[in-house]
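Readers should treat all values here as calculations from the given coordinates under stated rules, not as data from a laboratory. Note that the structure is a prediction, hence the values are computed from the model and not measured. Here the Cβ is made from the backbone with ideal geometry for all residues, glycine too, and neighbour counts use every protein chain on show.
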Amino acid sequence: MSQPTESAPSPRSTPYSLADLERDSWHQLVLATQQTKNHEDRSGFRTMTVATNTPDGADARTVVLRQVDAVRRYLWFHTDARARKVMQLEAFPNATLLFWDDKSQIQLRLTAETRLHTDDYVADEQWKTLWVGSRKMYLSAPAPGSEQPAPYPGFPPELGSELPSEADSEAGRRNFAVMECRILSLEYLQLGRDGQTRARFQYEPDRKLAWLAP
Ligand SMILES: Cc1cc2nc3c(=O)[nH]c(=O)nc-3n(C[C@H](O)[C@H](O)[C@H](O)COP(=O)(O)O)c2cc1C
């Protein structure tokens, strides 16, 4: 009779279909947008690197993953409408979104077509969900990335560590933007002591799931 194994089964050692792996990957992204009590319980997928194209090459930065629609395969993040990434994505809407979760040793690499929302229902609805502490960052008079004569905190310096009132925070709405990312493909990689698991889930132009050599 075989002995039960000590270690938890990994996708490599259990019969695991591409469809299972795809569903789990999207589920992990959805979970990452949900609040956790403890900082240690936070998923690494809560933030992602957004890589954009510029005439001079690639550019990249970290953003917070705000919302996920696993059925329609959309992600959303928030940004300042005056930010450089917004200009870059307006000029060339395709982006790569890169996630890494240290606990599960999983990297997700997504390609996306983006669409900017500023003065519309989508941005209005997301703005309503923001607490004043997050809204404070949209009160900056200088545009993000503009040169300053001295260190600038990213909000009117007179606010200091205070929060704006709900009414005052509304001034930030004109700088607030939501970037919608329609996912074209998702590539999964899990590192493991007994090997790696790599797969690609392609959605455009046609749906195609494939295991890949790591
Ligand atoms: C942990 C972390 C989370 C961040 N989240 C966001 C975010 O959700 N949206 C955003 O626009 N910038 C966010 N930033 C700042 C960006 O990384 C970047 O510095 C800023 O948006 C300017 O980028 P750009 O000049 O390429 O537009 C975050 C930075 C860090 C370190």
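Sorted largest first, the spans of the alpha carbon positions of segment 168-214 along the three principal axes are 55, 32, 8 Å.
Loop-located GluC sites (Glu not before Pro) across segment 162-206 with a Cβ neighbour count of 13 or fewer within 10 Å are E162, with loop assigned by DSSP. Does the chain come out rounded, prolate or oblate by the C-alpha gyration tensor, with a ≥ b ≥ c the root eigenvalues, rounded set by a/c under 1.5 and, if not, prolate when a/b is larger than b/c and oblate if not? Verdict is prolate for the chain.
What per residue convex hull volume, in Å³, do the alpha-carbon atoms of segment 35-143 yield?
Values: hull volume 14.9 nm³, N = 109.
That works out to 137 Å³ per residue.
Take the convex hull of the alpha carbons in segment 126-214; its mean projected area over all directions comes to 10.8 nm². All Cα-Cα separations within segment 58-118 were binned at 10 Å from zero, giving a P(r) of 17, 55, 23, 4, each value a whole percent of the pairs.
Note on segment 142-186: along the principal axes its Cα atoms extend 45, 29, 18 Å, ordered by decreasing extent. Roughly how big is the chain's charge dipole about its Cα centre, with Cβ charges of +1 (Lys, Arg) and -1 (Asp, Glu), in debye to the nearest 20? About 460 debye. Between R42 and Y121, the FRET efficiency estimated from the beta carbon spacing at R0 = 22 angstrom works out to 0.15.
Normalising by the residue count of segment 34-133, find the relative contact order in percent from Cα pairs under 8 Å and 6+ residues apart. Working shown, then result.
Working: 126 pairs, mean separation 24.2, N = 100.
RCO, segment 34-133: 24 percent.
Each Lys or Arg adds one and each Asp or Glu takes one away; over the other residues whose Cβ falls under 11 Å from the Cβ of L75, this sums to +2.
Over all directions, what mean area does the Cα convex hull of segment 20-62 project, stated in square nanometres?
Numbers: hull surface 16.9 nm².
That works out to 4.2 nm².
When the P(r) is computed for segment 105-153, the part past 17 Å accounts for 62% of the Cα-Cα pairs.
In a shell of Cβ-Cβ distance under 11 Å around D119, excluding D119 itself, what net charge do Lys and Arg (+1) and Asp and Glu (-1) give? Numbers along the way, then the final one.
Numbers: positive: R173, R174; negative: D120, D124.
Counting the neighbours of D119, the net charge comes to 0.
Take every Cα pair under 8 Å whose residues are at least 6 apart in sequence, average their separation, divide by the length of the chain, and the relative contact order is 21 percent.
In segment 56-181, taking the dipole from charged Cβ atoms about the Cα centre, the farthest positive-side position among S140, A177, A60 is held by A60.
Note down the relative contact order for segment 119-214 as a percent, whole number, built from C-alpha pairs under 8 angstrom at least six residues apart. Spell out each step's value before the answer.
Working: 97 pairs, mean separation 21.3, N = 96.
Computed over segment 119-214, the figure is 22 percent.
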